[in-house]
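Before any comments, here is the structure.
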């Protein structure tokens, strides 16, 4: 994609860690991203990284709104560059109406302002059920948030990230504008499909204007709300086509998160058909996600033209050497650090894994 060449089609998905301090990456991120950078995956994407403080989900979200945030994350990236073989991507994020909550392991419970919470923003002032009530972004607020995305993209480029993914899924701010369940506006950012897509497109355009031409830019979307009358796969195909016209390089096709009434049908590769149809009908590169757990399953997705890339999250946490095992099963090669050369009997044959190009 553009100037980015990947050694295989395996991607490590963004995974929220709730371990930052004032938005700053910590030693946890050094360990977490560092060990995944030597996994053999070709592309490693950071967890959802917040572009402004009101966009946090929890107090411990990773951020990129300040010089201090930038310095802390640059340290982690430098570590991954020194020891890892993966290209590095960042996912930029705004939590929208789901913000001001406790961490995942604390139950993601809403935090009121009286108890240290903060003002949250959305397309409209209707809350996600069980969460705090957001303020509707006015025109000035929309401009502020779009500028925050663009400024974070500039910081990401200075740090040296190879690719950037905009988080437009899972009931967060961009998805708040896309879904008719959360967007009740009657101005040019609401109503029709064109109006509801406007914010997502303007965020993309603002980032594309400052993100280097040789670096790919994509968006993760919820391809469907899984509720009749909500955002649909048909809508996603149209959005992907509009983004592609404007220089978007890939779509990561996830789903859900807009409302708790969603009726998901979950099974192995259950979201792959979304990536497949978006790829076929819009012509854009797609990344498939969701219960992709087995090497031959992933190989079929790519070789069958259903998606261009496969992304694993929880599967990589459970087995951080998943690409090594996939390479062994499929008779291929992946990158590994020389320090681990004797970790697997197959490596002694000299044809299973290969060291990084610079070693």
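The values are calculated or read from the model by the stated rules, or taken from the named source; none is laboratory data. Quick caveat: nothing in here was measured; it's all calculated off a predicted structure. All Cβ positions, even for glycine, are placed from backbone atoms using ideal geometry, and neighbour counts span all protein chains on display.
Numerical summary
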{"quantity": "Scope the range 286-298; condition surrounded by fewer than 21 Cβ atoms within 10 Å (Cβ to Cβ) and in contact with a strand residue (DSSP E or B) (Cβ under 9 Å, 6 or more places away or on another chain); matching residues", "calculated": "293, 297"}
{"quantity": "Residue, nearest to residue 46 (Cα to Cα), within the range 159-194, restricted to residues that are in contact with a strand residue (DSSP E or B) (Cβ under 7 Å, 6 or more places away or on another chain) and assigned to a loop (DSSP other than H, G, I, E, B)", "calculated": "161"}
{"quantity": "Scope the range 256-271; condition in contact with a helix residue (DSSP H, G or I) (Cβ under 8 Å, 6 or more places away or on another chain) and surrounded by fewer than 24 Cβ atoms within 10 Å (Cβ to Cβ); matching residues", "calculated": "257, 268, 269"}
{"quantity": "Complete set of residues in the range 288-320 that are closer than 18 Å to residue 266 by Cα and in contact (Cβ under 8 Å) with a residue 60 or more places away in the chain", "calculated": "289, 298, 310, 311, 312, 313, 314"}
{"quantity": "Qualifying positions in the range 53-76 - touching a strand residue (DSSP E or B) at 6+ places or on another chain (Cβ under 8 Å) and part of a loop (DSSP other than H, G, I, E, B)", "calculated": "56, 57, 58, 60, 61, 62, 64, 65"}
{"quantity": "Any hit, the range 225-245, residues being surrounded by fewer than 17 Cβ atoms within 10 Å (Cβ to Cβ), closer than 21 Å to residue 163 by Cβ and without any contact (Cβ under 8 Å) to a residue 40 or more places away in the chain", "calculated": "yes"}
{"quantity": "Residue 151 surrounded by fewer than 22 Cβ atoms within 10 Å (Cβ to Cβ) and either more than 30 Å from residue 88 (Cα to Cα) or out of contact with any strand residue (DSSP E or B) (no Cβ under 9 Å at 6 or more places or on another chain) (or both)", "calculated": "yes"}
{"quantity": "In the range 220-252, the residues that are in contact with a strand residue (DSSP E or B) (Cβ under 7 Å, 6 or more places away or on another chain) and either under 14 Å from residue 171 (Cα atoms) or at pLDDT below 95 (or both)", "calculated": "220, 221, 222, 223, 231"}
{"quantity": "Residues within the range 87-107 that are outside any helix (DSSP H, G or I) and touching a residue at least 24 places away in the same chain (Cβ under 8 Å), tallied", "calculated": "14"}
{"quantity": "Search result, residues across the range 20-47 that are closer than 20 Å to residue 60 by Cβ and in contact with a strand residue (DSSP E or B) (Cβ under 9 Å, 6 or more places away or on another chain)", "calculated": "20, 22, 23, 24, 25, 29, 32, 33, 36, 45, 46, 47"}
{"quantity": "Residue within the range 24-44 that is within 29 Å of residue 332 (Cα to Cα), free of Cβ contacts under 8 Å to residues at least 40 places away in the same chain and either in a helix (DSSP H, G or I) or in contact with a helix residue (DSSP H, G or I) (Cβ under 8 Å, 6 or more places away or on another chain) (or both) present", "calculated": "yes"}
{"quantity": "One residue from 156, 140, 150 being within 14 Å of residue 51 (Cβ to Cβ), modelled with pLDDT of 95 or more, out of contact with any helix residue (DSSP H, G or I) (no Cβ under 8 Å at 6 or more places or on another chain) and not in a loop (DSSP other than H, G, I, E, B)", "calculated": "156"}
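Every residue, every condition in (1) under 20 Å from the mean Cα position of the chain (by Cα); (2) closer than 18 Å to residue 163 by Cα; (3) buried (at least 17 other Cβ atoms within 10 Å of the Cβ), yes or no:
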{"site": "54", "(1), (2), (3)": "yes, no, yes"}
{"site": "60", "(1), (2), (3)": "yes, no, yes"}
{"site": "63", "(1), (2), (3)": "yes, yes, yes"}
{"site": "68", "(1), (2), (3)": "no, no, no"}
{"site": "78", "(1), (2), (3)": "no, yes, no"}
{"site": "91", "(1), (2), (3)": "yes, yes, yes"}
{"site": "95", "(1), (2), (3)": "yes, no, yes"}
{"site": "105", "(1), (2), (3)": "no, no, no"}
{"site": "109", "(1), (2), (3)": "no, no, no"}
